[in-house]
Amino acid sequence: MDRTTATNFTVLFMFLNLLFWTLVWEPVANTLHMPTLFQLAFFQVLLFIIPCGLYLFFTKSSPKLVLRIHNISFKNIILIIFIAISIQPAMTLLSFLSSFLFKNNVSATLYANSDSNLFLLLISVAVVPAICEELFFRGIVFYNFHNLRLGKACFVTGLYFSFMHMDLQQILYTFAIGTFFCFLVYRTNSIYSSILAHFVINASQTIYSALMLKLEKQGILYNIQTLLAPKGELYSIIMLFLFSIPFFAGFLWLFCKNNIPQPIPTEEDFPEYHPNRKCKETPYDIFFYSVIGIYIAVTVIPLFT
């Protein structure tokens, strides 16, 4: 089994683990009367951190190498924060368009929990997912796709990331952002870049939901929405997206200028990563299509039953 096939098998195992805990976790959590925010955080640990630990233990791989645990400069920190902020109008537009066809469960969940303690909410919705999901997807999965061309490695990793959410409404923007996170990690050779971007995006959405709930309770939300979006929500989202494009492009240009692509070091007995070379390995195998089958069975088929 080559490295790419083994990675697909690892992802399939994660999805089977996801299905298992989805069926088992809710009854267990309800029996133990676990707080909702604790459930969200602990579920992430079960789903991602334990498999990551087992992978590193059994393969005897270097965590620093596989997970790309390398510091990033202060300049990169600032640039990534601004990139994460400026990319959100594009994510909002994709999410809004998807909402015409599918229910926005994420917004409903954030809104339902937005009156909780903001610090605990940020920990469970922003900090824990940013760490757990990035270590698995942009750490183990993306690293082990280094025998593929860079574009294909980013594409498949982003696709798996979008499938993991098990939500058709989220698939467009999670695929886009999951693919982009791979680019950040590739350019900086550090997992901290995608963790930071992931955190900023999730934290911004969490704070926004909490603010909207507060304004609604004060009875002024409708007046603010009327003032800021007189021509409708879609029009405002498109205008904000167009306004954000030059800022995103500028910050991305500065980021690329500050981070020249470097060959990613690999473990002994594996070839160095050459993004533009041809490789016989392919991500499109039985494990890849099994993941797609699981996603269709869980998210698509129920819509027609």
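The values are calculated or read from the model by the stated rules, or taken from the named source; none is laboratory data. Bear in mind that the values here come from a model prediction, so they are computed numbers and not experimental data. Positions of Cβ are backbone-derived with ideal geometry, glycine not excepted, and every protein chain shown enters the neighbour counts. Accessible surface areas use protein heavy atoms only, side chains included; no ligands, DNA or RNA. Shrake-Rupley method; radii C 1.70, N 1.55, O 1.52, S 1.80 Å.
Here are the numbers:
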quantity	calculated
Filter pass, residue 158 being without any contact (Cβ under 8 Å) to a residue 60 or more places away in the chain and either in contact with a His (Cβ under 8 Å, 6 or more places away or on another chain) or of a type outside the set (A, V, I, L, M, F, W, C) (or both)	yes
Any hit, the stretch 75-89, residues being basic (Lys, Arg) and over 26 Å from residue 259 (Cβ atoms)	no
Scope the stretch 144-168; condition among the aliphatic types (A, V, I, L, M), part of a helix (DSSP H, G or I) and open to solvent by 10 Å² or more (accessible area, probe 1.4 Å); matching residues	150, 159, 164, 168
Every pair of residues 6+ apart whose Cβ atoms lie under 9 Å, when the first sits in the stretch 30-50 and is more than 16 Å from residue 122 (Cα to Cα) and among the polar types (S, T, N, Q) while the second is modelled with pLDDT under 85 and open to solvent by less than 30 Å² (accessible area, probe 1.4 Å)	none
Qualifying residue in the stretch 273-283 (condition: of a type in the set (Val, Ile, Thr), in a loop (DSSP other than H, G, I, E, B) and modelled with pLDDT under 80)	no
Enumeration of residues in the stretch 148-183 that are of a type in the set (A, V, I, L, M, F, W, C) and in contact with a Lys or Arg (Cβ under 8 Å, 6 or more places away or on another chain)	181, 182
Extreme residue, farthest from the chain's Cα centre (by Cα), among residues of the stretch 242-272 that are modelled with pLDDT under 70 and open to solvent by less than 40 Å² (accessible area, probe 1.4 Å)	267
Residue pairs meeting the criteria (Cβ under 8 Å; at least 6 apart or on separate chains; first over 16 Å from residue 11 (Cα atoms), in the stretch 286-301; second open to solvent by less than 40 Å² (accessible area, probe 1.4 Å) and assigned to a helix (DSSP H, G or I))	299/168; 300/168
Residues that are closer than 24 Å to residue 84 by Cβ, modelled with pLDDT under 80 and surrounded by 15 or more Cβ atoms within 10 Å (Cβ to Cβ), drawn from the stretch 216-241	229
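Rundown of residues vs (1) under 10 Å from the mean Cα position of the chain (by Cα); (2) surrounded by fewer than 19 Cβ atoms within 10 Å (Cβ to Cβ); (3) part of a helix (DSSP H, G or I), yes/no style:
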site: 142; (1), (2), (3): no, no, yes
site: 170; (1), (2), (3): no, no, yes
site: 179; (1), (2), (3): yes, no, yes
site: 187; (1), (2), (3): no, yes, yes
site: 193; (1), (2), (3): no, no, yes
site: 202; (1), (2), (3): yes, no, yes
